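To start, the structure under review is shown below, and the notes come after it.
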Amino acid sequence: MTIKHIGVVGAGTMGNGIAQAFAVKGYGVTMTDVAEAALARGMAAIDASLERLVKKQALSAGDKSAALARIRTATRVADLAAAELVVEAATENLELKLKLFAELDQTVAPGGIIATNTSSISITRLAAATKRPDRVIGMHFFNPVPLMQLVELIRGLRTSDETYAAVEAVSKAIGKTPVRVKNSPGFVVNRMLCPMINEAVHALGEGLATAEEIDNAMKLGASHPIGPLALCDLIGLDVELAVMNVLYEGFKDPKYRPAPLLVEMVEAGYLGRKTGRGFFSYGKP
Ligand code: NAD
């Protein structure tokens, strides 16, 4: 099957980045979200991101307009019927994704592939919510999607070779470098990255150093381009907490215990850049 039309579920941080990455490379994209306001925010983010590329002369103004014209928005899953590949990038919540997968299974044509950008949920489990587990796969992009090279391709227990090959080809076609990963909590990158961020929050909570000092220490002492707390603000504290909980429950190992300060900040609504405040302040979201 030729993949020409992509469905993206969720117009948030990742969804709009994924929509942009496909649209720039000539794919038709339908991006859905639960509300028009979320779609408008997603489209504004894509516009701003493309404009930055135009300013850097990495994209022509004409290519920007063409990419924007390739993206349609919709509020119903039913509007994704024409997509040969759907990438689900809705909120990281198991119940929500199970429901979405059952709905997508009803909507997407029988030969179509349903991929998920989940950071932490078992691909095999999501696949089992459909009648096409062979055509379900993890397609885990990194933030910001238009700039990050990697996509982890996660095979569920029943993902077929054909599905893997099709998604690998499409990943390369949009300029990404795919890495094949077994279905396991946190896959590769988050299995290592999220515990490191969590440790930074433990350190902050214990008063080991200030947020600025912790981040500077890792930037200057470990050559990290961004400190772990600033990175957590970028990823979203709620997403980080969800991943830690999945690692903790998935491996039943106390070394993955979420830092109490992380839990409390999420309770307070300090989710990072997207709410204007996390470990650092960003003004308006
Ligand atoms: P986000 O909160 O920025 O966006 C999620 C969007 O999904 C919101 O706009 C929300 O309205 C929408 N949504 C909720 N229910 C929906 C539904 N039923 N149908 C359509 N849209 C719905 O979250 P995000 O950071 O973009 O994360 C999305 C997914 O990507 C999650 O599974 C997350 O684990 C994963 N992910 C996130 C990152 C990251 O750095 N933020 C990186 C890799 C993967």
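The values are calculated or read from the model by the stated rules, or taken from the named source; none is laboratory data. Remember, predicted model here, so these are calculated numbers, not experimental data. Reconstructed Cβ throughout: ideal geometry from the backbone, glycine too, with neighbour counts over all protein chains shown. Keep in mind that these areas ignore ligands, DNA and RNA; they rest on the heavy atoms of the full protein, side chains included. Shrake-Rupley method; radii C 1.70, N 1.55, O 1.52, S 1.80 Å.
Points worth noting:
Yes/no per residue for (1) open to solvent by 60 Å² or more (accessible area, probe 1.4 Å); (2) closer than 28 Å to S184 by Cβ:
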{"site": "P225", "(1), (2)": "yes, yes"}
{"site": "V239", "(1), (2)": "no, yes"}
{"site": "L247", "(1), (2)": "no, yes"}
{"site": "G250", "(1), (2)": "no, yes"}
{"site": "D253", "(1), (2)": "no, yes"}
{"site": "R257", "(1), (2)": "yes, yes"}
{"site": "V263", "(1), (2)": "no, yes"}
{"site": "F279", "(1), (2)": "no, no"}
{"site": "K284", "(1), (2)": "yes, no"}
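- Restricting attention to segment 89-120, the residues that are touching a residue at least 12 places away in the same chain (Cβ under 8 Å), surrounded by fewer than 21 Cβ atoms within 10 Å (Cβ to Cβ) and aliphatic (A, V, I, L, M) total 4.
- Candidates V266, V201, V181, V246, filtered to the one that is touching a strand residue (DSSP E or B) at 6+ places or on another chain (Cβ under 9 Å) and among the aliphatic types (A, V, I, L, M): V181
- On the stretch given as segment 108-146, residues that are in contact with a strand residue (DSSP E or B) (Cβ under 8 Å, 6 or more places away or on another chain), of a type in the set (S, T, N, Q) and more than 11 Å from the ligand (Cβ to nearest atom) total 1.
- Of the residues making up segment 126-148, those that are touching a Lys or Arg at 6+ places or on another chain (Cβ under 9 Å) and not in a loop (DSSP other than H, G, I, E, B) number 8.
- Filtered by the rule that a residue be within 21 Å of T124 (Cα to Cα) and buried (at least 20 other Cβ atoms within 10 Å of the Cβ), segment 167-182 gives V167, S171.
- Residues satisfying the stated conditions in segment 65-88, i.e. open to solvent by 30 Å² or more (accessible area, probe 1.4 Å) and not small (G, A, S): L68, R70, R72, T73, T75, R76, D79, E84
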